[in-house]
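Values quoted throughout were computed directly from the atomic coordinates according to the rules given, and no laboratory measurement underlies them. Computed from a predicted model, the values in this text were never measured in an experiment. Counting neighbours? That spans all protein chains shown, and the Cβs are built from the backbone with ideal geometry, glycine included.
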Amino acid sequence: MLRISGLIKLTNSLHEEFFRCSRLEGKEYQAAIQSSRDDILALTTSIHKKLSAYDSPLNQLTSPARQAYLWLAYLVEEDHLEQHCRSLARAARAFQTALPRKQNFDIRFYNCKYTYSIHHNSQSVHATLHEGFIYAPDSVFNEIVKTLKKNASAKNNPVIKAFIATRPFQNCYTQLNPSLKPKKIHIQGAFHDLNASFERVNRKYFNNKLEKPTLTWSARRTYRTMGCYDVTKDILTVSRSLDHQTVSLHTLDFIMYHELLHKYFGTKSVNGRHISHSARFREAEKSFEHFQQAAQELQRISQEEKKRQSRR
């Protein structure tokens, strides 16, 4: 097992830092978010470099360390950290409003193996909710407090059950609990070859200067997302919906180009927000030779695939 010194201790201190951030406003809030994000990004990048030497990197970590690493990696994506802190403020408000006699509140979101856990006594409340609850509306937090007051189970609460079944919660849960089996890599599709697409795009738009990431088709056909780039694993995935004889090469190459732009530009923070589609990114994206045609074809493919899946 690979040892990451102080990782679990750091997550505990981050919970305290996030709770403090959730009470800040304006420039103080933005500065605190920026500082936390920079620290987390530096740590996750360092861990990723250590893990990259192994064929099955996540298997090198103990279960607690793996939970912590995946949680930190999730927080630095998009605006997840800001969403985390703002939702933390809403959750704390729900607990404090419903339980005014309690003096101490320790509310946190984490990559836990359970939906949520709450311990309380006459003075204090300690609640750990799965990270997916950062997408919960206030009504869900209110229901969680009700189950606490009634000493009831969340399993029987229709509001909580309905939220857990939503796409935002499920997507978060899936990302934080990946299979420990090595990801199956499929480069050669039934009709299109990702290697060939990368070579075309790299030659035409990046002067052959981009190092090739791991390329793979998705396990299933999709209609919402046609591609994604995982910076922590350097894996570029293209939706299997594009592996069809009716899909043009320039549409496949556009998705390849879009995801490679993520690799090329990376992400940056602006006023505390994690930006992956910057103005420079959008400008470069529109320089794709068949931009309009590809966008139109992708819209058609998405609509057709959505209809196909709805009929199943």
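Observations on the model:
- Each 20 Å bin from zero up to the one holding the largest Cα-Cα distance in the chain carries the following percent of pairs: 28, 54, 17, 1.
- Equivalent ellipsoid semi-axes, segment 194-310, via Cα gyration tensor eigenvalues times 5, rooted, Å: 23, 17, 15
- Cα→Cβ-extended label distance, 7 Å offset, between R300 and N207, nm: 3.6
- Nearest 10 degrees, 0 to 90: helix 7-21 Cα axis against the chain principal axis: 70
- Crossing angle, helix 249-265 versus the chain [Cα axis fit, 0-90 degrees, rounded to tens]: 50
- In angstrom, the C-alpha Rg and Dmax of segment 1-42 are 12.3, 43.
- Our summary gives the chain a relative contact order of 15 percent, counting only alpha carbon pairs under 8 angstrom and 6 or more residues apart.
- On full extension, the segment bounded by A196 and E16 gains 60.0 nm, given 0.36 nm per residue less the C-alpha separation.
- Tilt relative to the chain, helix 80-98 - C-alpha long axis, 0 to 90 degrees, to 10: 20
- Efficiency of FRET from Cβ geometry, R3 and I118, R₀ 41 Å, rounded to 0.05: 0.80
- Computing FRET efficiency as 1/(1 + (r/R0)^6) for F265 and T225, where r is the C-beta to C-beta distance and R0 is 25 Å, gives about 0.85.
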